[in-house]
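The values are calculated or read from the model by the stated rules, or taken from the named source; none is laboratory data. Not measured: the values here are computed from a predicted model. Glycine gets a Cβ as well: all are built from the backbone with ideal geometry, and neighbour counts include every protein chain shown.
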């Protein structure tokens, strides 16, 4: 127990209640105005002050590394980061963990919620850092990179705290022995961290995807080495700086959290995770390295989120305009660079039942493409929704998809009014037949949408389930007015291990996953082996050692 | 809900309380007399009736397989078992799981506790089956193979039931939107089984080690294929028969549990676990195949228990006679064929503090060997404690150890008065120096005991921790009157990921692990990656699929 536990006890208790009730709750406001009048200008200034100079961290290091961090908006980052070796950071982490590992779960939770509080105060700075490095719009970067990520972190702290409290206090165990004296033994269970944890960050949502593993590991007593994606470093550097300051202020060794940067030409992640001291690995990113981790790292617990192929199944609806309004937003926001963005829209060749009438396939497909075109028709509005394209690979993928014979909507290049060097592209929408699996049943990360003509909704569900099983999937969205289709869709989603939403036509988009209520990834298809956040995600992050004394 | 849930609801609720309180509790009496006057004779007759004929099971199969099951007592088993193919059993399991997987956790728990109840009534038959196939004494076979195994099964059912109840009932989620209408979404979480489960059995404690995984998988809705050790089949065949009868009576497809037997010359375990439908693998057995499973089975959750090198650290004591009395029993019972038996006894070269005086190393070592010799001096008493040796490999290991220059106690061959063909050997006790790590720092499963001379208790702890880290360990037993040594021993045990007991001199032996209180294996060293039973052991056996409806 300590002062910070007392300070944040109410928040922790509310979070513990929230993970069980799973109704709406949030600890960190998503409305920018909640942060005060000065926050926007102060945050922007703080971000600007980071640019063009070395990012100083008092962790063990030898000079600075000139990295290859990129800004899809063309912002000149030019930030060097401390150049540390794996051994330096492992040694620092192990030293730091001795005291932290024996600290009570209460005290650890208090210190960690203080970290979240200080990061919350930096939400505008973080928003700019996430926007600049990922290509998100400012509002998305602010919300997903700031308060939503902090809610996910708090959720992970709450789960980890709860799991550590499932064992009783030291006790005396007494076993009757008939007429003889009972066996009497004092028992206690010592909870200790598993070892050095590593988080390997993703380039698109570093904080939202990274915080759960980082804060779960810390809450369980483990030190964490953060290895950001080489193209998106600044958000984690800010987080590490703030966390280290809180640890120092609270009397703990700041090497509990350190930053290990690398470049695409000299990657360090494999050497880092294969270090025998590493006991936990959290990963978000492409399937190839994620699968390598799952298959090769046997000495550590490995938690992955690798994305996949998400599906929309259009069976029937009351009003197609409502459907298209919701779909056109969810399939274009941040140019499809979310692991929850739908890629494939399955429509029966025979058309869609709408209010008792059948709308032919071609009309539906053309209507959908027109809805996207309309939504993105105004450049200024379009850039706010699309953000910018993070990598050249994504641009190349758009161009590849555009060579199809059946392009329903061409991708346009848009000049960003504020960032002349930004790469902004509208999505390409391509019509394919269900038989053309090689084309659409693969992950085409970015603003590439396939409209797939199927035999029937049954086939749509089968194909969506097949792609979930084989390529992974995180989200499904089904439009139907038929209860029997709803039931089969739930069965197919269960079989495919993918969350499913029905008939979203309002302000909720299938891409969105709310902390304290929605689980992100099920862990039961190739999209990842873990779920944010469930008990299985945290229960393996600490050891329980039984001690018996006569 | 069903009748069986109502029938067993009290038992389930007591078990749920017990896993949280962890004080002494047992649902199945360990005293043979609790089973009634006729039980011993009836059970023996039931066992005898199994011998020399095919074991009939109404599962999919083509004829019978002549197996190579062995009896360390030389009992002629001569039982053939149904010859099923992997595909037959996978198909049967998948069909059976459709209804079972959608059955409520309450109803499943009710049916499964009914299985345990019927197995409890067969405890004498099971005792004879376990004794005959494993070489345990009858009392150990009865207790560990019957009621203790059933308690472990009930514990696993309770944990799995509890984990499935951590999500709320279907609910409406409402997120405020400032002045706009709130976002309102109906949410529910569908819990479904992960897939086909496989249990790969061990030759020594098939039911005690196998039941937790089997019943956890079933409680989570998964069908289970049981692949017994080729030399120890009958106990699982009885369990499968009884479980199938209960499923049938309760209106479920009995192919929820099936038996797949093989022979050492034509093993099927690798093909079975690599089948894409297999989603869960539980394994108890030698390190080599367990490590192969951990490193090669990526499409399924793998839970292993592989044993290792257990240690006794003798630092100081009030009375050495008390120490030796306890140690001589725990290090000889069932001829060291328990994965919890201590193998190495570390003693400082400078001697042991006993009541203020130092007893020289040689006196301690000789005294320990004499205590074992005395305990096993009477052949009839010795065979009751030692049981019989399961494999020729163990006999060969005794002979290899006996070639050492420093044998403190020779192994004797004993004629069993009731079973003339039984292989009964007393342990060999060998003195080694701490430097001779190649000799003692390897698993020598069976009645082989090393007395290791160390520089100090500090070195004893370091060596024990090294062997736990490198070879795995399940139990440590420390004798000390020094609080500082107690503290360092707990630290070393935590580091090695091994449970530790102190100063056992009474009727509790370090080998014993009580259901509902002691965790068996921590999962944090090479002795195994799972713990019987903790939340992590059960939480991955089912999927949670989120369903959102507007």
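Scanning region B:1-26 for residues that are touching a helix residue (DSSP H, G or I) at 6+ places or on another chain (Cβ under 8 Å) and within 14 Å of another protein chain (Cβ to nearest Cβ) turns up B:16, B:18, B:19, B:25, B:26. In region B:524-550, the residue that is nearest to residue B:19 (Cα to Cα) out of those that are free of Cβ contacts under 8 Å to residues at least 60 places away in the same chain and in contact with a strand residue (DSSP E or B) (Cβ under 8 Å, 6 or more places away or on another chain) is B:531.
Looking at region A:159-182, can you tell me whether even one residue there is buried (at least 24 other Cβ atoms within 10 Å of the Cβ), in contact with a strand residue (DSSP E or B) (Cβ under 9 Å, 6 or more places away or on another chain) and within 30 Å of residue A:22 (Cβ to Cβ)? Yes, region A:159-182 contains a residue that is buried (at least 24 other Cβ atoms within 10 Å of the Cβ), in contact with a strand residue (DSSP E or B) (Cβ under 9 Å, 6 or more places away or on another chain) and within 30 Å of residue A:22 (Cβ to Cβ).
Conditions tested, residue by residue: (1) in contact with a helix residue (DSSP H, G or I) (Cβ under 8 Å, 6 or more places away or on another chain); (2) within 30 Å of residue A:515 (Cα to Cα).
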{"position": "B:67", "(1), (2)": "no, no"}
{"position": "B:75", "(1), (2)": "yes, no"}
{"position": "B:80", "(1), (2)": "no, no"}
{"position": "B:99", "(1), (2)": "no, no"}
{"position": "B:106", "(1), (2)": "yes, yes"}
{"position": "B:110", "(1), (2)": "yes, no"}
{"position": "B:120", "(1), (2)": "yes, no"}
{"position": "B:160", "(1), (2)": "yes, yes"}
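Condition first: out of contact with any helix residue (DSSP H, G or I) (no Cβ under 8 Å at 6 or more places or on another chain), at negative phi, surrounded by fewer than 15 Cβ atoms within 10 Å (Cβ to Cβ) and free of Cβ contacts under 8 Å to residues at least 12 places away in the same chain. Can you find one or more residues in region A:402-415 that meet it? Yes.
Exactly one residue out of B:547, B:452 is crowded, with 23+ Cβ neighbours inside 10 Å and either part of a loop (DSSP other than H, G, I, E, B) or at pLDDT 95 or above (or both), and it is B:452. Condition (residue is farther than 30 Å from residue B:25 by Cβ, away from every other protein chain (no Cβ under 14 Å), at pLDDT 95 or above and buried (at least 24 other Cβ atoms within 10 Å of the Cβ)) applied to region A:95-104: is it met by at least one residue? No, that holds for no residue. Of all residues assigned to region B:346-362, at least one qualifies as being in a helix (DSSP H, G or I) and more than 19 Å from residue B:489 (Cα to Cα).
Let's see how each residue does on (1) closer than 30 Å to residue B:480 by Cα; (2) within 7 Å of another protein chain (Cβ to nearest Cβ); (3) modelled with pLDDT of 95 or more:
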residue: B:500; (1), (2), (3): yes, yes, yes
residue: B:504; (1), (2), (3): yes, yes, yes
residue: B:507; (1), (2), (3): yes, yes, no
residue: B:513; (1), (2), (3): yes, no, yes
residue: B:519; (1), (2), (3): yes, yes, yes
residue: B:523; (1), (2), (3): yes, no, yes
residue: B:528; (1), (2), (3): yes, no, yes
residue: B:538; (1), (2), (3): no, no, yes
residue: B:541; (1), (2), (3): no, no, yes
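For region B:297-331, filtering for residues that are within 21 Å of residue B:397 (Cα to Cα), crowded, with 23+ Cβ neighbours inside 10 Å and touching a helix residue (DSSP H, G or I) at 6+ places or on another chain (Cβ under 8 Å) leaves 7.
Assess whether residue B:237 counts as being within 26 Å of residue B:542 (Cβ to Cβ), crowded, with 16+ Cβ neighbours inside 10 Å and at pLDDT 95 or above. Spelling it out, it is not the case that residue B:237 is within 26 Å of residue B:542 (Cβ to Cβ), crowded, with 16+ Cβ neighbours inside 10 Å and at pLDDT 95 or above. Among the residues of region B:495-523, none is identified as without any contact (Cβ under 8 Å) to a residue 12 or more places away in the chain and under 19 Å from residue B:155 (Cα atoms). Among the residues making up region B:30-45, those that are within 14 Å of another protein chain (Cβ to nearest Cβ) and touching a residue at least 40 places away in the same chain (Cβ under 8 Å) are B:30, B:32. Restricting region B:188-197 to residues that are in a strand (DSSP E or B) and more than 7 Å from chain A (Cβ to nearest Cβ), the residue that is farthest from residue B:108 (Cα to Cα) is B:188. Return a yes/no flag: does region A:420-441 have any residue that is in contact with a strand residue (DSSP E or B) (Cβ under 9 Å, 6 or more places away or on another chain), outside any helix (DSSP H, G or I) and at positive phi. No, the conditions are met nowhere in region A:420-441.
Of the residues making up region A:237-261, those that are touching a residue at least 60 places away in the same chain (Cβ under 8 Å) and not in a helix (DSSP H, G or I) are A:250, A:252, A:253, A:258, A:259, A:260, A:261. For region B:376-393, name all the residues that are touching a strand residue (DSSP E or B) at 6+ places or on another chain (Cβ under 9 Å) and closer than 15 Å to residue B:341 by Cα. Correct list: B:386, B:387, B:389.
Can we say residue B:479 is under 26 Å from residue B:334 (Cα atoms), surrounded by fewer than 24 Cβ atoms within 10 Å (Cβ to Cβ), more than 9 Å from chain A (Cβ to nearest Cβ) and modelled with pLDDT of 95 or more? Against the criterion (under 26 Å from residue B:334 (Cα atoms), surrounded by fewer than 24 Cβ atoms within 10 Å (Cβ to Cβ), more than 9 Å from chain A (Cβ to nearest Cβ) and modelled with pLDDT of 95 or more), residue B:479 does not qualify.
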